[in-house]
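Notes follow once the structure below has been shown.
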Amino acid sequence: MIRIVKLLPVLLLPFFVMAQGNFRVAGKVIDSLTQQPLQGASVFCQNTTIGTVTNADGEFRLNLSNGGYDLVISFMGLETQSIRISNTMPEVAHLTIALHQKEKSLEEVAIVATNEVANGWEKYGQFLTDNFIGKTVNSKECEIVNPEILRFFYSRKRKRLKVTGDSVLIINNKALGYVIKYQLDSFVHEYDNGKTLYAGYPFYEQMEGSEEEMLVWKEKRKTAYNGSVLQFLRAYHDSTLNGDGFRIELIGDGNSKSSPIYNPYDTLYYDTLQFKRVELFFPGKLRVVYAKEKPGPAYLAANKLPMNTPVQISILDIANGIIVEENGYYFDQKDVLTLGYWAWEKMADSLPYDYHPDTDTGGKIDADMNIEPEKAKEEKVEENENIPTANN
């Protein structure tokens, strides 16, 4: 992903916007070749319900709650861009984003020429669904609406399956009440080592439903949120880990035994930064125990664990440390690997970054509340199990 790497000095503006609890992202999208504005370009925050399309002058505006986001900009026939933004960056109020022409690599041409599977969905559709949507209770209520846009490639030499999309993949999650519009970059499974990796740009839309349906969605979303990576990082940021049901243990390099971390806010692991950010860093992997909810029976059966297992256990591997924003967004996301229960819960159990259990209504009430000036356009890297992206 393309990220903003230039941070301007501290100015009065960030303090002002932070005091309001939200900030504005605005700018213009142009064609890099012609320098002309692009009308109808899609601009949205990855893993949120917040997005819009550019007007006739290529301009857009979004109002966001304080925190961090990956802003995704796309237009048919041009390369999609993703840039990291937050309320600490005053320059995001005046962005100019130039989109470039798509260029196919020699590898992509070779794959198309030799490895495409004609009946890919019939042969690999269930495998893709299990490893992308998931195998939880919620996954049974998820449907890929347009599987015809998927292209499947299998390399016998590499023993590798690769799936790409010709356009936006649409997933109806009737369990949580979301339509997920996923710009799938690629889904890759390597059969020799069992690794699965996928990457792309998900955008969420609230489903419309009856009052009864919205109440069900609200409860199921809260259940999905409890014990999730999103809740964990928000709790760590807000110093509420214990109260929210989490405890953490350190698994040192080369050591399978875990050591309890009694003070997760010790400076050995935790540091507070400017603009309500915190930094996490651990000398090894982190074993995260969530005690307020039992693992699902399907997970226990798949992993041959006792059905009376009382807690959910996940592994968090932070290679170089991460910085967590106040909304639970973290970076750099490519440096994070999750295993265990968090890896089991895939797209069927994922929630957008702007989800909050205290303010969630369960369904579509005011679809345009976060969108300026026009209505939103209709429309992870994972290893072994799952690396959340604004990724989860």
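Data overview
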read-out	value
Output for the stretch 295-308, where each listed residue is out of contact with any strand residue (DSSP E or B) (no Cβ under 6 Å at 6 or more places or on another chain) and open to solvent by less than 30 Å² (accessible area, probe 1.4 Å)	G296, Y299, L300
Breaking point among (1) at pLDDT below 95; (2) within 23 Å of the chain's Cα centre (by Cα); (3) farther than 26 Å from L71 by Cα, for A302	(2)
So I323, is it open to solvent by less than 40 Å² (accessible area, probe 1.4 Å) and either basic (K, R) or part of a strand (DSSP E or B) (or both)	yes
Cβ pairs under 6 Å, 6+ apart, first in the stretch 261-286 and open to solvent by 40 Å² or more (accessible area, probe 1.4 Å), second hydrophobic (A, V, I, L, M, F, W, C)	T272/V278; E279/L273; E279/I323; K285/I251; K285/I315
Verdict on Y265 being at negative phi and part of a loop (DSSP other than H, G, I, E, B)	yes
Test for T359: is it within 21 Å of the chain's Cα centre (by Cα), open to solvent by 70 Å² or more (accessible area, probe 1.4 Å) and hydroxyl-bearing (S, T, Y)	yes
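The values are calculated or read from the model by the stated rules, or taken from the named source; none is laboratory data. In this text the structure is predicted, and so the values were computed from the model without any measurement. Backbone-built Cβ (ideal geometry, glycine too); neighbour counts: all protein chains shown. Ligands, DNA and RNA are stripped out before the accessible areas are found, and what is left, the full protein with its side chains, is counted by its heavy atoms. Shrake-Rupley method; radii C 1.70, N 1.55, O 1.52, S 1.80 Å.
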